[in-house]
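The values are calculated or read from the model by the stated rules, or taken from the named source; none is laboratory data. Only a predicted model underlies this, so the values are computations on that prediction, with no experimental measurement involved. Here the Cβ positions follow ideal geometry from the backbone for every residue, glycine too, while neighbour counts run over all protein chains shown.
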Amino acid sequence: MICEQMHEEASDAHHCLFCENPVGQSSKPEHILLDALGGRKTTKWAVCSSCNQTFGGTIDKVLPEQIRVQRNMFQMRSGSGDAPPGLLQVTAASGNVNFTSDGTPRPARSKPFTATPREQGGWDLSFNVESAEQLRKYVPHAAAAMGMSEDELWAQLEGQEASLQTGYVGPVHSTLSCGGEEAIRSMVKSSLVLLATVTGTTALRGPAFTAAQSFVVEGSAHFVEHNTAMDGRQLPSPTYEKLVDAHGPMFNLIYVKSDGQGRTLAYFHLINLFSWQMVLASTGGPVNIEIALASNPLDPAQWDDEVASKAPLAFDWLESPDYTDGVETTLQRFSKILELYQELSLKRVARSLITSVLDDYYTKGESIENDERGKAAIEALSSKLTTALMQVPTKKNLVLSRSETIGKPPTDAKPGTTNK
Ligand SMILES: [Zn+2]
């Protein structure tokens with residue numbers, strides 16, 4: 001609110017940072033840190049609705065896509081609460097896997113069943129499914145493929161022995177890199193928009209920012225080379241510790257600062273893993289400005305755009321990016337983050353196993369008591385948890401049955417049907 005009042009006073013007419021359109025109350029809110037990266041702070045006073053839409057469909061898609069794996073792994077929701085992205089065809093030791101939006105791995109298979117005719121007549125039929133329910137679902141399709149009726153196929157399957165195997169995904173192949181011209185254009189845009197919340201857009205539409213402005217709009221290899229740098233340094237103490245305390249171990253940070261000559265620098269730190277330094281104006285911008293926005297991608301409600309006063313960075317520090325030890329630093333940061341992942345994913349596995357065991361033993365609303373059923377549920381849970389945490393592959397033998405629940409009479413059985 002304070003920022004909006006400030007630039008109301010700074011200028012009467014407000015124009016888009018990137019074109020001649022007016023901006024203001026009726027503009028579409030622009031996320032300063034991208035919505036997909038968990039950003040919640042928006043402004044209507046920097047980017048017109050038309051540019052907002054253009055960037056949203058182009059450069060703003062790149063960075064979130066580059067950290068798609070981390071967004072899924074750590075269940076990072078968007079700033080507006082959208083579920084994390086799923087992952088398709090991730091290469092793992094056990095074969096390709098898909099990860100659903102809630103982070104659960106599923107074998108990526110092309111076919112749930114294969115039916116091969118034998119030379120001497122008859123068929124070889126195998127199912128590739130995760131549960132007896134899923135198998136029942138595919139039986140009609142398999143029957144159709146083999147040119148028989150569902151009843152005919154079930155007559156052959158009923159009572160046969162099968163096994164359900166639980167495997168583990170094993171090591172997953174993923175890349176640990178981020179950047180490129182389009183991603184950097186989006187970061188420069190975020191930094192300029194953040195700066196505009198303090199200065200208004202008029203001050204940023206002058207010659208000092210022309211290079212940065214046109215870089216956002218149309219890109220420039222020259223700008224990437226001369227005005228941006230990857231930065232592999234650790235953030236100085238105690239700024240780093242303060243950011244982790246307030247915004248979590250994977251915090252995002254956009255920091256913009258100018259000196260007495262109006263040289264304006266931006267620092268973009270993404271999920272506490274990748275950082276870039278960008279020169280927004282080499283000289284001649286608004287002087288001695290400082291604004292920073294930090295957020296917690298694990299909990300987007302924890303954001304703050306007054307971070308510069310709480311966790312300050314010196315201009316000289318911002319001025320000297322260094323990637324000499326960048327690869328090593330990134331790997332160290334990543335290994336820390338993986339420890340966090342292990343902790344979070346164990347909680348997730350435990351929660352989902354508890355739910356599934358309780359569903360097996362109880363119906364919703366029933367109270368759990370210390371009786372035979374309660375003991376059996378606890379036994380089942382403890383065995384499942386141990387198996388999952390120790391990643392022991394399991395094999396459960398079962399007898400194929402058309403009925404939905406073992407022991408329950410088949411709901412769609414037709415006792416009168418005979419096989420021909
Ligand atoms: Zn515009």
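Here segment 52-70 is the region considered, the condition is being of a type outside the set (Val, Ile, Thr) and touching a residue at least 40 places away in the same chain (Cβ under 8 Å), and the residue that is farthest from the ligand (Cβ to nearest atom) is Gln70. Pro300 meets each of the listed conditions (1) touching a Gly at 6+ places or on another chain (Cβ under 7 Å); (2) surrounded by fewer than 23 Cβ atoms within 10 Å (Cβ to Cβ); (3) under 28 Å from Thr202 (Cα atoms) apart from (3).
Answer yes if at least one residue in segment 366-386 is among the aliphatic types (A, V, I, L, M) and within 30 Å of Leu157 (Cα to Cα), and no otherwise. The answer is yes, given that some residue of segment 366-386 is among the aliphatic types (A, V, I, L, M) and within 30 Å of Leu157 (Cα to Cα). Return the residues of segment 84-104 that are exposed (fewer than 14 other Cβ atoms within 10 Å of the Cβ), free of Cβ contacts under 8 Å to residues at least 40 places away in the same chain and of a type in the set (A, V, I, L, M, F, W, C); say none if nothing qualifies. Matches in segment 84-104: Leu88 only. The set of residues in segment 303-314 being within 17 Å of Gly232 (Cα to Cα) and surrounded by 15 or more Cβ atoms within 10 Å (Cβ to Cβ) consists of Leu313 alone. Only one entry in Ala314, Ala350, Ala308, Ala301 is not assigned by TED's automatic domain parsing to the domain that holds Arg263 and not polar (S, T, N, Q), namely Ala350. When segment 63-83 is limited to residues that are modelled with pLDDT of 90 or more and farther than 21 Å from Ala301 by Cα, the one that is surrounded by the most Cβ atoms within 10 Å (Cβ to Cβ) turns out to be Gln66. Whether any residue in segment 304-313 is over 24 Å from Val69 (Cα atoms) and part of a strand (DSSP E or B) is what I want to check. Yes; the residues of segment 304-313 include at least one that is over 24 Å from Val69 (Cα atoms) and part of a strand (DSSP E or B). Of the candidates Pro415, Pro410, the single residue that is at pLDDT below 70, surrounded by 14 or more Cβ atoms within 10 Å (Cβ to Cβ) and either under 33 Å from the mean Cα position of the chain (by Cα) or of a type outside the set (D, E, K, R) (or both) is Pro410. For the criterion of being polar (S, T, N, Q), more than 28 Å from Leu344 (Cβ to Cβ) and in contact with a helix residue (DSSP H, G or I) (Cβ under 7 Å, 6 or more places away or on another chain), Thr58 fails. Entry remark, segment 53-86: residues being farther than 22 Å from His269 by Cα and more than 13 Å from the chain's Cα centre (by Cα) number 3 in total. For beta carbons closer than 7 Å, sequence separation of 6+ or different chains, a first residue in segment 1-24 that is at positive phi and within 16 Å of the ligand (Cβ to nearest atom) and a second that is modelled with pLDDT under 95 and not in a helix (DSSP H, G or I), the qualifying pairs are Gly24/His14. Check segment 260-268 and report whether any residue there is part of a strand (DSSP E or B) and more than 25 Å from the chain's Cα centre (by Cα). Within segment 260-268 (the criterion being part of a strand (DSSP E or B) and more than 25 Å from the chain's Cα centre (by Cα)), the answer is yes, since at least one residue qualifies.
In segment 25-51, the qualifying residues are those that are crowded, with 22+ Cβ neighbours inside 10 Å and within 17 Å of Thr199 (Cβ to Cβ), and the one that is nearest to the ligand (Cβ to nearest atom) is Val47.
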